[in-house]
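I am attaching a structure below and will ask some questions about it afterwards.
The values are calculated or read from the model by the stated rules, or taken from the named source; none is laboratory data. Everything quoted here is computed from the prediction, not taken from an experiment. All Cβ positions, even for glycine, are placed from backbone atoms using ideal geometry, and neighbour counts span all protein chains on display. Areas reflect the complete protein model, heavy atoms only, side chains present, ligands, DNA and RNA absent. Shrake-Rupley method; radii C 1.70, N 1.55, O 1.52, S 1.80 Å.
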Amino acid sequence: LSEPEPPRWDFEALLDDFIPVVDDAGLGHFDVLGMSHGVLVAIAYAARYPERVRKLALIGGYAAGFGVRGDPEEVKRRETLLELGRGYAPSDRLSFARMLGALYWPSAGGEMIAWFGDRLGTISVLSEALQDVFRILDLREDLAKIEAPTLIMHSKGDRIIPAACSEEMAAGIERSKLVLLGSENHIPLAGEPAWPAARWALRQFRRS
């Protein structure tokens, strides 16, 4: 139900979009799960409202954008994906989705890639604006403000966000546990070899 064309497009707008959701749900003290780019919103919320976050789980994410990290190879890869999206997504979305999905989830089957293609949409001005936000964002100072017990999971072979990003988050969050998964999938998938370890870690964390 988010506004499709928000009056402004920056990280504060993303966070402002999340806050009323939990307020409207009547949540007072609750667990927060952030995955991929959503980890940034989870970090910011947990740092600004520590009294409301009971536990925090961060999967496949980062605290500093790829422009801040400054790895020339990573920047080149991301620019290449955007350029491919501009060329292929408007006219052949499914082919672009298959290519992108293979990078995100190398072990995914055809059903999931088709699901991904249905939801990907085209690479639009809005999504490029989002990439610009993520590129320069740096929330590393917020890590020390997080008080909630935190579980951090990352696939060792993640081709989208380097596992070193989660190692950096774990070093910055005092009450954190890092689980590195033997997988290449950006987000763990049910049925892959690493799934039992990911599920066990999350269940143990919730029960502790």
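For the pair residue 175/residue 17, report the inter-label distance in nm, with labels modelled 7 Å from Cα in the Cβ direction.
In this crude spin-label approximation the distance works out to 3.0 nm.
In what order, largest first, do 75, 133 sit by accessible area if the probe radius is 1.4 Å?
75, 133
Okay, moving on. Taking θ = phi - 60°, what integer Hz values does the Karplus form 6.51 cos²θ - 1.76 cosθ + 1.60 yield along region 56-63, in sequence order, with x for Gly and Pro?
Couplings: 10, 10, 10, 10, x, x, 6, 10 Hz.
Under 11 Å from the Cβ of residue 120, count the other residues' Cβ atoms, weight Lys and Arg +1, Asp and Glu -1, and hand me the total.
Around residue 120, the surrounding residues sum to +2.
While we're here: If you take Cα extents along the principal axes in Å from the coordinates, which of (i) 45, 37, 32; (ii) 47, 44, 35; (iii) 60, 41, 37 do you get?
(ii)
Right, another one. Kindly express, to the nearest 10 degrees and within the range 0 to 90, the angle between helix 125-136's C-alpha long axis and the longest C-alpha principal axis of the chain.
Rounded to the nearest ten degrees, it is 50.
Highest GNM mean-square fluctuation, the chain, Cα pairs closer than 10 Å: which of 116, 66, 96?
The residue with the greatest mean-square fluctuation here is 116.
With each run of n ≥ 4 DSSP H residues scored as -39500 (n - 2.57), what mean residue ellipticity at 222 nm is computed for the chain after dividing by its residue count and rounding to the nearest 500 deg cm²/dmol?
My calculation for the chain gives -15500 deg cm²/dmol from helical runs alone.
Let me ask something else. Measure nothing but the geometry: give the 0 to 90° angle between the long axis through the Cα atoms of 72-88 and the longest principal axis through the Cα atoms of the chain, rounded to 10°.
The helix 72-88 is inclined about 50 degrees to the chain.
Continuing with this model, one more query. At 1.4 Å probe size, with every protein chain present, just tell me what the per residue accessible area of the chain comes to in Å².
Per residue, the chain has an accessible area of 54 Å².
With the chain treated as a Gaussian network of Cα nodes joined by springs under 10 Å, which of 69, 119, 135 yields the largest mean-square fluctuation?
So, out of 69, 119, 135, the one fluctuating most is 119.
Label-point separation (nm) for residue 130 and residue 156, each offset 7 Å from Cα along Cα-to-Cβ?
Output for this residue pair reads 3.1 nm.
Let me ask you something else. Can you give the net charge of the other residues whose Cβ lies under 12 Å from the Cβ of residue 136, counting K and R as +1 and D and E as -1?
-1
Relative contact order, percent, of the chain when contacts are C-alpha pairs under 8 Å separated by at least 6 residues?
Relative contact order, the chain: 23 percent.
Given a 1.4 Å probe and every protein chain left where it sits, what share in percent of the accessible area of the chain is carbon and sulfur?
Roughly 55 percent, rounded to a whole number.
Starting at 0 and stepping by 10 Å, how many percent of the alpha carbon pairs of region 1-83 end up in each bin?
Values per bin, smallest distances first: 15, 40, 32, 12, 1.
Per-residue HN-Hα couplings for region 13-26, Karplus 6.51 cos²θ - 1.76 cosθ + 1.60 at θ = phi - 60°, whole Hz, x for Gly and Pro?
My calculation for region 13-26 gives 5, 5, 5, 5, 6, 7, 4, x, 5, 6, 5, 5, 6, x Hz in order.
Between 187, 43, 136, which gets the highest mean-square fluctuation from a Gaussian network model of the chain, Cα cutoff 10 Å?
The residue that fluctuates most here is 136.
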